[in-house]
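Take a look at the structure set out below.
The values are calculated or read from the model by the stated rules, or taken from the named source; none is laboratory data. The structure presented is a predicted model; accordingly, all values stated were derived computationally and were not measured. Positions of Cβ are generated from backbone atoms using ideal geometry, with glycine treated the same way; all protein chains shown enter the neighbour counts.
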Amino acid sequence: MVFDRGAEGNETAIASESFAEKWSWFGVFYRLTNGDISKLGTITELNLMEALTWLTYETDLESQNKVKYGK
């Protein structure tokens, strides 16, 4: 999930709920830039709906691949 509130207790989750709460929207920026700070200016110019749709697609694709490959 893009805004994963259920990360607590999930050993495969990267961040806990408290971590997600602390950093909030920065996590979205981090994911859209693939951790490359030089892209931050570029992604802040994106249309919000397009950015969130992109992240939702990535999340669904990742979930689908986990099911398909049994991860």
Could you tell me whether the stretch 1-17 includes any residue that is at pLDDT below 90, at negative phi and hydroxyl-bearing (S, T, Y)? yes
Could you check the stretch 13-71 for helices (runs of 4 or more DSSP H) lying wholly inside it with 1 or more residues that are in contact (Cβ under 8 Å) with a residue 24 or more places away in the chain? 26-32, 48-69
Of all residues in the stretch 51-71, how many are within 17 Å of G27 (Cα to Cα) and of a type in the set (A, V, I, L, M, F, W, C)? 4
